[in-house]
Amino acid sequence: MAEWGSASFVEEQFRRYYKASVGKVEPPLEMERREFGFLPFDGGMMIRHTSFSDPSQLRSFILEKAPAHIYYSSAYYREPRADMESKGWIGADLVFDIDADHMETPCRMNHDAWRCNLCGFEGKGRAPERCPRCSGTDLEEETWVCDTCLDKAKGEAQKLLDILIQDFGIPLEYLKVNFTGNRGYHVHITAPWIRGLDQRARREIVDYVTGTGMRVELLGFRPSAKGSSPLHGLGWMGRASKALYDYLANLPPRILEEVRTGRRERVRSLIDSREEILRVLTEGPPSGILKYLSRESLNWIMEKAVREQAAAVDTVVTTDIHRLIRLPNTLNGKTGWIAQPVPVEELEDYDPLSSSIAFKGGEVSIYVRRAPMFRLCGEKYGPFKEELTNLPLAAAIFLLCRKAARIER
Ligand SMILES: [Zn+2]
Ligand SMILES: [Zn+2]
């Protein structure tokens, strides 16, 4: 019986794709200073510490190996082929990773599942830490991605871009957005002046975009703060004020829940003074708000508002100055989709589940172990459970890459 995922079939299809499209693979800036890494289909170790001096060398390598995953270093090295200690780090692009896997989306209950390897107990959604039946910790998780997950990830990327453009003033020519070919987006800043930032500086930037450690006095809500509407304030002052305005104007039901769960005073003053606070936010001065809310209450409510506006980026990726990142216009071996550059101005209308589909035409007969319903190029497939089915190549490759199916011949 063929193995789940039928890796050699998928590898052949990847090779066929690259034969036609390897010209689209875009080497990074200053490619000769980058380390490249490749994961093969046979499940073997990553091929690392490779480098290429020109695009044609890289492309012939890809054609020859047809790897499942292709990465390059965000860093620039004097000797990219040397081992880590002797590479000679020169600098690194600033990279943000946005991954739906790190976000709580309600759709997880529809498409994710887990199973206890000890007693066989199963459940929907994210795996708990321990099996509720046998307390075992060997749980197998099966995660999928859907339009809701991808829209959420796109929204986070848009918030991040807004902060990078508005607050950091990063010119568009240095901003690159790539769909990762799976659950999210990478945002790269390639500006020369950003390359030398150390890990601490990168950490500061992450704290800023995630709104970590935000205090209202730092935003400018001090007793002495004069001036006009905080809604027009620069940076987080304006962004947080707008979030607070929206938040108060449409008080979410969970605030009313807080009334029941003990934070009565704080919530009552918020609800009683809502109109006045909205007026101060529109007319200023920022200090006016402290007449209606204590600094503590303001911090409490502002934290909730900031959370709405902050961009959910993965801290580890941005602060790692040696990170290997997926190369644009290559295939993601977990889906068979293209890791694809998206122009910033087209992000809003970008539909990854149509644009990034690499394989067209052909029907393949596969046996599917289990899969929730999914959509590709406007067509819906599944759900499937232990059944033989004929699918268009793109849908079959997706299920094979997820190891949820195998080829039946
Ligand atoms: Zn169990
Ligand atoms: Zn989802």
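The values are calculated or read from the model by the stated rules, or taken from the named source; none is laboratory data. The shown structure was predicted, so the numbers you read here are calculated from the model rather than taken from an experiment. Note that each Cβ is placed from the backbone with ideal geometry, even for glycine, and that neighbours are counted across all protein chains shown. Surface accessibility is based on the protein's heavy atoms, side chains included, excluding ligands, DNA and RNA. Shrake-Rupley method; radii C 1.70, N 1.55, O 1.52, S 1.80 Å.
Which of the residues that make up the range 187-206 are open to solvent by 40 Å² or more (accessible area, probe 1.4 Å) and either part of a loop (DSSP other than H, G, I, E, B) or among the charged types (D, E, K, R) (or both)?
From the range 187-206, those open to solvent by 40 Å² or more (accessible area, probe 1.4 Å) are 192-193, 195-200, 203-204; that's our starting set.
Listed by number, the residues that qualify are R195, G196, L197, D198, R200, R203, E204.
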- prompt: Among T148, T143, which is the only one that is polar (S, T, N, Q), more than 16 Å from ligand 1 (Cβ to nearest atom) and under 30 Å from F38 (Cβ atoms)?
  reply: T143
task: Within the range 374-402, track down each residue that is under 22 Å from the mean Cα position of the chain (by Cα) and either open to solvent by 10 Å² or more (accessible area, probe 1.4 Å) or under 17 Å from A7 (Cα atoms) (or both).
output: F374, R375, C377, F398, L399, C401, R402
message: Among (1) under 25 Å from T105 (Cβ atoms); (2) out of contact with any Lys or Arg (no Cβ under 8 Å at 6 or more places or on another chain); (3) open to solvent by 70 Å² or more (accessible area, probe 1.4 Å), there is one condition T137 misses while meeting the rest; what is its number?
response: (2)
statement: Inside the range 312-332, the number of residues satisfying the requirement of being outside any helix (DSSP H, G or I) and under 16 Å from N178 (Cβ atoms) is 12
query: Only one residue in S241, S228 is over 30 Å from I90 (Cα atoms) and either at pLDDT 90 or above or surrounded by 15 or more Cβ atoms within 10 Å (Cβ to Cβ) (or both), so which one is that?
result: S241
Subset tally (residues that are open to solvent by 60 Å² or more (accessible area, probe 1.4 Å), within 16 Å of ligand 2 (Cβ to nearest atom) and assigned to a helix (DSSP H, G or I)) for the range 140-172: 3
Residue match in the range 113-125 (condition: touching a helix residue (DSSP H, G or I) at 6+ places or on another chain (Cβ under 6 Å), open to solvent by 70 Å² or more (accessible area, probe 1.4 Å) and either among the charged types (D, E, K, R) or more than 9 Å from ligand 1 (Cβ to nearest atom) (or both)): yes
- prompt: Before we move on, is A100 more than 27 Å from E11 (Cα to Cα) and open to solvent by less than 20 Å² (accessible area, probe 1.4 Å)?
  reply: no
statement: Matching residues in the range 82-104 (over 19 Å from E204 (Cβ atoms), within 26 Å of the chain's Cα centre (by Cα) and acidic (D, E)) number 3
- line: Output for Cβ contacts, cut-off 7 Å, separation at least six or different chains, first residue closer than 21 Å to P40 by Cα and of a type in the set (V, I, T) in the range 315-337, second at pLDDT 95 or above and open to solvent by 10 Å² or more (accessible area, probe 1.4 Å), reads I325/Y71; I325/Y72; I325/H186; T335/N182; T335/C401
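State yes or no: is I163 over 22 Å from L327 (Cα atoms), of a type outside the set (S, T, N, Q) and under 21 Å from the mean Cα position of the chain (by Cα)? Spell out how you get there, then give the answer.
Numbers: over 22 Å from L327 (Cα atoms): yes; of a type outside the set (S, T, N, Q): yes; under 21 Å from the mean Cα position of the chain (by Cα): yes.
Criteria met by I163.
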- request: State whether one or more residues within the range 125-134 are within 16 Å of ligand 2 (Cβ to nearest atom), under 18 Å from the mean Cα position of the chain (by Cα) and touching a residue at least 12 places away in the same chain (Cβ under 8 Å).
  value: yes
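Each row is one residue, and each column tells you yes or no for (1) modelled with pLDDT of 75 or more; (2) open to solvent by 20 Å² or more (accessible area, probe 1.4 Å).
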| residue | (1), (2) |
| --- | --- |
| N250 | yes, yes |
| P253 | no, yes |
| S273 | yes, no |
| G284 | yes, no |
